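Just so it is clear, none of the values below were taken in a lab; they were calculated from the coordinates. Here the structure is a predicted model, which means the values were calculated and not measured. In this analysis, Cβ positions are derived from the backbone assuming ideal geometry, glycine residues included, and neighbour counts consider all displayed protein chains.
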2 protein chains.
Amino acid sequence: MHKDRDKPSFTISEVSEMTELSADTLRYYEKIGLLTSPQRGAGMQRMYTSEDIGRIRFLTYLKRTHMPLKKIQQYVNYYELHEEAQCFVLLDEHRQDIERQLKELEATHQLIQFKLAHFQEIKDGKSKESYE
Amino acid sequence: MHKDRDKPSFTISEVSEMTELSADTLRYYEKIGLLTSPQRGAGMQRMYTSEDIGRIRFLTYLKRTHMPLKKIQQYVNYYELHEEAQCFVLLDEHRQDIERQLKELEATHQLIQFKLAHFQEIKDGKSKESYE
DNA sequence: TTAAAGGCTGGAGTATGCTCTAAGTCAAGT
DNA sequence: ACTTGACTTAGAGCATACTCCAGCCTTTAA
C-alpha cells in the first residue's frame, strides 16, 4: 500500500489478497465492465482506492448469491448513469431470487438432515437392511 | 403413462414435464452416471418407473442447492455400492455448504434490503443527492 | 547494468452444465 | 404403403465464468 499524503491506494495483488479474487479475475471483471477502471500509476499499474475496493466487495456479495455477471454489469451501468429506478428493479429482482434460493436451501437442508439421520442409523446398526 | 397390470411407467417426455428437466438433460444425466439407466420398452424407448422419478427429484434438490454434478455422481456411485459411510460424508459436506450458502444469502439479503430502501428514498425525493 | 519482481495486454484454453443437430428406428393411424 | 411423431444415438456447439500464457514494460535492489 502506498500513501504519501494522497488517498491510500493499492496494487492489484494487494486487492487480490484483500478480496480473495485473483488478479486475473479483477482484470477480467474490469474488461467486462463490472468494475470501473481504476487510476493508473507508474508504468500503467492499476492503483485501486478504498472506494474501488468497496465496490468490489459489494459485487462479490451479489456474485456469491448467484447474480449472473451480466446482470451485475447492467446494474453497474445503471448505477453509473444514476438511473436509480432501474437499479431498484434489478436489485429487487435479485432480492426475490435470494428469497427463492433461501426456500430451496431450507427445504434441501431438512431433507439432508433426514437422510443423514438415516445413514447414521445404518452406521449404528439400528437398521441393517432398509434402503429407500 | 402406461399401466397394463405392471408397475406404471413413463416416457422421457412425461418425465421431462414432471421434473421440469428437458429430455436432453435427462439423457445427459444418465450418460454421466447421475441416473441409472431405466428399463427400455418397444424400440429402445426409456421407460421410467416412479422410483426413477423419485431419484430424479432427489437429485434436483441437490442440484438446485449447487452441489456439483461430479459430487452428485460420486454420491450416486457410493449409494449403488451401499457404501453408506461415504454417502454420509458427501451429504454432510453438502449440508455444511448449504449452511454457508444460507449465511451468505442472509447477509446479502439484508444488504440489498438496505440498498433498496436507499433507492426508494431517492425515488420519493427524500434525498436528492446522496450516492454512496 | 543487470536481473528479478511485479504488472501490462490480447487472446487462447478450460470446466461446468447443458442444448442442439443429424441421421436413423419404430409404431400407430389413414 | 406411407406418413407422422416420438423416440434413439453420437457428437458438436454454446453460455458462463474464469484461468492461463506469451511477450513485453517498468521499477528496484545488488
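Miscellaneous remarks
- Selection count, the range B:36-47, where residues are more than 8 Å from DNA strand C (Cβ to nearest atom) and at positive phi: 0
- Selection from the range B:50-74 of residues that are hydroxyl-bearing (Ser, Thr, Tyr) and either touching a residue at least 60 places away in the same chain (Cβ under 8 Å) or within 10 Å of chain A (Cβ to nearest Cβ) (or both): B:Thr60, B:Tyr61, B:Thr65
- Count of the range A:18-37 residues which are within 8 Å of DNA strand D (Cβ to nearest atom) and in a helix (DSSP H, G or I): 5
- Test: residue in the range A:112-120 that is assigned to a helix (DSSP H, G or I), more than 26 Å from A:Leu21 (Cα to Cα), out of contact with any helix residue (DSSP H, G or I) (no Cβ under 8 Å at 6 or more places or on another chain) and among the charged types (D, E, K, R): no
- Within the range A:77-125, the residues that satisfy the criterion of being more than 9 Å from chain B (Cβ to nearest Cβ), among the acidic types (Asp, Glu) and under 30 Å from B:Glu121 (Cβ atoms) are A:Glu80, A:Glu83, A:Glu93, A:Asp97.
- Within the range B:16-35, the residues that satisfy the criterion of being out of contact with any strand residue (DSSP E or B) (no Cβ under 8 Å at 6 or more places or on another chain) and away from DNA strand C (no atom under 11 Å from the Cβ) are B:Glu17, B:Thr19, B:Gly33, B:Leu35.
- Residue within the range A:38-48 that is in contact (Cβ under 8 Å) with a residue 24 or more places away in the chain, within 26 Å of B:Gln113 (Cβ to Cβ) and more than 14 Å from DNA strand D (Cβ to nearest atom) present: no
- Among the residues making up the range B:80-104, a single one is crowded, with 16+ Cβ neighbours inside 10 Å and either aromatic (Phe, Trp, Tyr) or outside any helix (DSSP H, G or I) (or both): B:Phe88.
- Which numbered condition B:Thr65 misses (of (1) in contact with an Asp or Glu (Cβ under 7 Å, 6 or more places away or on another chain); (2) within 16 Å of DNA strand D (Cβ to nearest atom)): (2)
- In the set (1) within 24 Å of B:Lys115 (Cα to Cα); (2) surrounded by 12 or more Cβ atoms within 10 Å (Cβ to Cβ); (3) of a type outside the set (A, V, I, L, M); (4) touching a Ser or Thr at 6+ places or on another chain (Cβ under 9 Å), the condition left unmet by A:Gln74 is number (4).
- Residue under evaluation B:Val15, criteria (1) in a helix (DSSP H, G or I); (2) more than 16 Å from DNA strand D (Cβ to nearest atom); (3) buried (at least 16 other Cβ atoms within 10 Å of the Cβ), criterion not met: (2)
- Flag if A:Leu91 is more than 30 Å from A:Pro8 (Cβ to Cβ) and among the aliphatic types (A, V, I, L, M): no
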